[in-house]
Amino acid sequence: MTQIREAILPPTGEVLLRYMRDAFYDHQGVHSSNTYSDETVRKALDLGLIVTRGKRHTLTSQGYIVGNVAKEYCNWVDHGRLMPTPKPPNSMFDGLDVLDLGCSFGRWLWEFQRTAKSVVGLELQLEYVELGYALARCEGIEPPLIHQTHVEDLDRYVEPESIDFVFSRLVFNHVNIRVTLPKVAKVLRKGGRIWFQVETFRDAFHRIFEGEMRVRSRLRAAFAVCNTFVCTLTGRQMTLPVKGRMHASHRVVYPKLEWWKRSLERLGIEEFKIEHHDGGNATFSARKVR
């Protein structure tokens with residue numbers, strides 16, 4: 001990973017990042033028309049990010065992770081270094097202590113730390129954390145504090161009632177919600193707010209019938225639908241062991257927004273408000289009142 005971190009730094013690093021973004025899109029079936037020099041392709045091969053299979057180059061497990069980060073970073077650069085919507089208003093974090101759960105390489109933390117009192121992130125994937133420090137150097141940004149750990153272990157790294165704003169984007173569908181939500185409530189100060197973006201139940205059905213063509217992917221989507229019913233009725237989540245690039249288990253669920261509202265209210269987090277809903281994803285905020 002040290003070689004990869006150095007390879008993405010200026011003056012030539014952005015070309016490699018853009019190549020990896022396009023390789024990631026090709027892997028997802030979104031083909032890019034961009035072409036790159038033999039030198040760039042050879043660098044990706046030497047770093048173990050791609051392998052040659054027949055006449056094609058295919059992402060390695062490491063390359064998949066780097067490509068995912070490259071996609072987010074390059075798209076952010078191409079959009080004027082502006083964060084995607086929906087995004088929380090500055091009033092939720094200006095001069096306050098901020099926690100980002102599942103922060104990836106720290107892009108949202110870069111935004112928050114401009115005006116927040118303090119920021120801290122939790123990210124499970126070590127490669128994301130290490131690449132984040134390198135990309136912060138590219139941007140001339142002070143790297144934020146990121147703990148490499150599971151979101152479910154947040155209480156080991158964050159003191160009780162020490163946070164004013166908890167942000168999480170497309171992470172909470174993939175954690176043990178029953179374990180993690182009470183820990184979020186515990187670290188929030190009274191009056192503190194949350195801002196969560198989650199995938200919806202509608203998205204689960206979309207993945208069964210219109211998602212990836214691989215049978216394994218569709219079976220996982222069907223498992224998620226069943227798991228959602230179990231979670232909604234009992235509060236518990238089943239876990240499916242999987243062999244994948246980033247995780248050893250699969251426990252994804254897609255509760256409806258009313259379920260999220262009730263679960264938060266039981267923890268003293270009320271004033272639930274839907275900030276955005278496009279069918280596939282939903283964003284909501286709420287405030288700790290007790």
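The values are calculated or read from the model by the stated rules, or taken from the named source; none is laboratory data. Keep in mind it's a predicted model, so treat the numbers as computed, not measured. Neighbour counts run over all protein chains shown; Cβ positions are idealised from the backbone, glycine included.
Looking across the stretch 120-166, just one residue is touching a Pro at 6+ places or on another chain (Cβ under 7 Å) and of a type in the set (Phe, Trp, Tyr), and that is TYR133.
Go through the residues of the stretch 67-89 one by one and say whether even a single one is in contact with a strand residue (DSSP E or B) (Cβ under 9 Å, 6 or more places away or on another chain) and small (Gly, Ala, Ser). Yes, because at least one residue in the stretch 67-89 is in contact with a strand residue (DSSP E or B) (Cβ under 9 Å, 6 or more places away or on another chain) and small (Gly, Ala, Ser).
Which residue is surrounded by the fewest Cβ atoms within 10 Å (Cβ to Cβ), if the candidates are limited to the stretch 220-230 and must be at pLDDT 85 or above and in contact with a helix residue (DSSP H, G or I) (Cβ under 7 Å, 6 or more places away or on another chain)? So that I can check it myself, show each step before the final result.
At the first step, the residues of the stretch 220-230 found to be at pLDDT 85 or above are 222-230.
This time we only want the ones that are in contact with a helix residue (DSSP H, G or I) (Cβ under 7 Å, 6 or more places away or on another chain), so: 222, 224-225, 228.
Working: ALA222: 14, ALA224: 26, VAL225: 16, THR228: 20.
Step by step, filter the stretch 220-230, then rank; the result is ALA222.
For the residues VAL151, VAL187, the requirement of being assigned by TED's automatic domain parsing to the domain that holds SER263 and touching a Gly at 6+ places or on another chain (Cβ under 8 Å) singles out VAL151.
I'd like the residue in the stretch 82-113 that is of a type in the set (D, E, K, R) and free of Cβ contacts under 8 Å to residues at least 40 places away in the same chain and, out of all such residues, is farthest from VAL15 (Cα to Cα). Before the answer, list the steps.
Of the stretch 82-113, the ones of a type in the set (D, E, K, R) are 87, 94, 97, 100, 107, 111.
Now restrict to residues that are free of Cβ contacts under 8 Å to residues at least 40 places away in the same chain: 87, 94, 107, 111.
Working: LYS87: 29, ASP94: 35, ARG107: 19, GLU111: 24 Å.
Once the filter is applied, the top-ranked residue is ASP94.
Give me the residue from the stretch 155-177 that is charged (D, E, K, R) and touching a helix residue (DSSP H, G or I) at 6+ places or on another chain (Cβ under 8 Å) and, out of that set, surrounded by the most Cβ atoms within 10 Å (Cβ to Cβ). Give the derivation first.
Residues of the stretch 155-177 that are charged (D, E, K, R), as a first pass: 155-156, 159, 161, 164, 169.
Subsequent filtering for residues that are touching a helix residue (DSSP H, G or I) at 6+ places or on another chain (Cβ under 8 Å) retains 155, 159, 161, 169.
Numbers: ASP155: 15, GLU159: 10, GLU161: 14, ARG169: 21.
If we take residues in the stretch 155-177 being charged (D, E, K, R) and touching a helix residue (DSSP H, G or I) at 6+ places or on another chain (Cβ under 8 Å), then ARG169 is surrounded by the most Cβ atoms within 10 Å (Cβ to Cβ).
If you filter the stretch 1-55 down to residues that are of a type in the set (A, V, I, L, M) and assigned to a loop (DSSP other than H, G, I, E, B), you find that the one that is modelled with the lowest pLDDT is VAL30.
Evaluate the stretch 4-22: report whether one residue or more is closer than 22 Å to VAL171 by Cβ, surrounded by 21 or more Cβ atoms within 10 Å (Cβ to Cβ) and in contact with a strand residue (DSSP E or B) (Cβ under 8 Å, 6 or more places away or on another chain). Checking the stretch 4-22: not a single residue is closer than 22 Å to VAL171 by Cβ, surrounded by 21 or more Cβ atoms within 10 Å (Cβ to Cβ) and in contact with a strand residue (DSSP E or B) (Cβ under 8 Å, 6 or more places away or on another chain).
On the stretch given as the stretch 101-140, residues that are surrounded by 18 or more Cβ atoms within 10 Å (Cβ to Cβ) and either of a type in the set (Gly, Ala, Ser) or in a loop (DSSP other than H, G, I, E, B) (or both) total 13. Within the stretch 87-100, the only residue that satisfies the criterion of being surrounded by fewer than 23 Cβ atoms within 10 Å (Cβ to Cβ) and under 15 Å from the mean Cα position of the chain (by Cα) is LYS87.
Within this structure, ASP164 passes the test of being assigned to a strand (DSSP E or B), farther than 30 Å from PRO10 by Cα, outside the structural domain of ILE65 (by TED's automatic domain parsing) and modelled with pLDDT of 95 or more.
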